[in-house]
Amino acid sequence: MTEPVPLTEAEIGAALAETPGWRREGHEITRSFAIRYHGGVAMIVHVADIERLIGHHADIDLRWGKVRFGITTHDAGHRLTAADFDLARRIDAVAAAHDATPLGD
């Protein structure tokens, strides 16, 4: 298996521009969505199925009315890779399918 390649700062900037709503917080990208609690559970299960298939996962925080995703590549020393932005786009599609509202927090 090939080692994940960390992105350069310029590549991270370009990738963030292509994934609106996601923001960088240290060594991860994050996004939160407003959704009713049980809808959030269903959304997390849907995301988990995708994560299992692609072999990459997010850190997920479920609260009453809110789900937060944080993504980084642990195998690349907690640095951002193309896989992180691929997962972010997939999470956005799942969130839209579950009628989750993006938050600007």
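The values are calculated or read from the model by the stated rules, or taken from the named source; none is laboratory data. Here the structure is a predicted model, which is why all the values come from computation and not from measurement. Note that we place each Cβ from the backbone using ideal geometry, even for glycine, and neighbour counts take in every protein chain shown.
Name the single residue, out of those in the range 1-26 being farther than 17 Å from His74 by Cβ and small (Gly, Ala, Ser), that is surrounded by the most Cβ atoms within 10 Å (Cβ to Cβ).
Ala15
Within the range 61-86, which residues are under 11 Å from Arg31 (Cβ atoms) and under 10 Å from the mean Cα position of the chain (by Cα)?
Passing the criteria: Arg68, Phe69, Gly70, Ile71.
Among the residues of the range 49-78, write down those that are at pLDDT below 95 and in contact with a His (Cβ under 6 Å, 6 or more places away or on another chain).
Scanning the range 49-78 gives a single hit, His78.
Taking the condition at pLDDT below 95, more than 13 Å from the chain's Cα centre (by Cα) and of a type outside the set (Val, Ile, Thr), does Gly26 pass?
In short, yes.
If a residue counts only when it is buried (at least 21 other Cβ atoms within 10 Å of the Cβ), which strands (runs of 3 or more DSSP E) contained entirely in the range 27-105 have at least 1 such residues?
28-34, 66-71
Which condition from (1) hydroxyl-bearing (Ser, Thr, Tyr); (2) within 18 Å of Pro4 (Cα to Cα); (3) in contact with a helix residue (DSSP H, G or I) (Cβ under 8 Å, 6 or more places away or on another chain) is the one that Thr19 breaks?
(2)
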